[in-house]
Amino acid sequence: MARVKSGPYRRRRHQRRIAHNSGYRGTRNHLFKRANEAYMKSQWYAYNDRRNRKRDLRRLWIVRINAAARLNGISYSRLISALRTSEIILNRKVLADLAVRDPKAFSQVVSKATSKA
């Protein structure tokens, strides 16, 4: 069986990786080994940050809900507890959106939750 040489294929693979890193500085955009390391690291960061984004957004929603709840005279934890006991099913994303875009509706939700609790 004939021996397969990898010259052109390897070059094409290396050039693809280097082209992917075209905006990087120094040797990271023209040496394959450094470009490959930078690419692998960037993919690792992208994977982790897709999960961290969810964590950060939840923290932001909680901060917004807490600020709006305190304007209505109740703390965040008591509001969430009141929502649970009054069986009002709104997630934090929707509550935060209400708090920012429609404060009147948010205050109605707070009053409904605290009246039933």
Expected single match for more than 30 Å from K93 (Cα to Cα) and in contact with a helix residue (DSSP H, G or I) (Cβ under 6 Å, 6 or more places away or on another chain) among R64, R3, R34 is R34
In the range 68-84, which residue that is part of a helix (DSSP H, G or I) and out of contact with any helix residue (DSSP H, G or I) (no Cβ under 7 Å at 6 or more places or on another chain) is surrounded by the most Cβ atoms within 10 Å (Cβ to Cβ)?
I80
Which count do you get for residues in the range 1-21 that are assigned to a loop (DSSP other than H, G, I, E, B) and surrounded by 10 or more Cβ atoms within 10 Å (Cβ to Cβ)?
1
What are the residue pairs meeting all of these: first residue in the range 104-115, first residue more than 14 Å from G73 (Cβ to Cβ), second residue assigned to a helix (DSSP H, G or I), Cβ atoms under 7 Å, and 6 or more apart or on different chains?
A105/L98
For the structure I just gave you, tell me whether S115 is over 25 Å from the mean Cα position of the chain (by Cα) and either of a type in the set (S, T, N, Q) or at pLDDT below 95 (or both).
yes
Does Y47 satisfy being surrounded by fewer than 15 Cβ atoms within 10 Å (Cβ to Cβ) and either hydroxyl-bearing (S, T, Y) or at pLDDT 95 or above (or both)?
yes
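The values are calculated or read from the model by the stated rules, or taken from the named source; none is laboratory data. This is a predicted model, so every value here is computed, not measured. Counting neighbours? That spans all protein chains shown, and the Cβs are built from the backbone with ideal geometry, glycine included.
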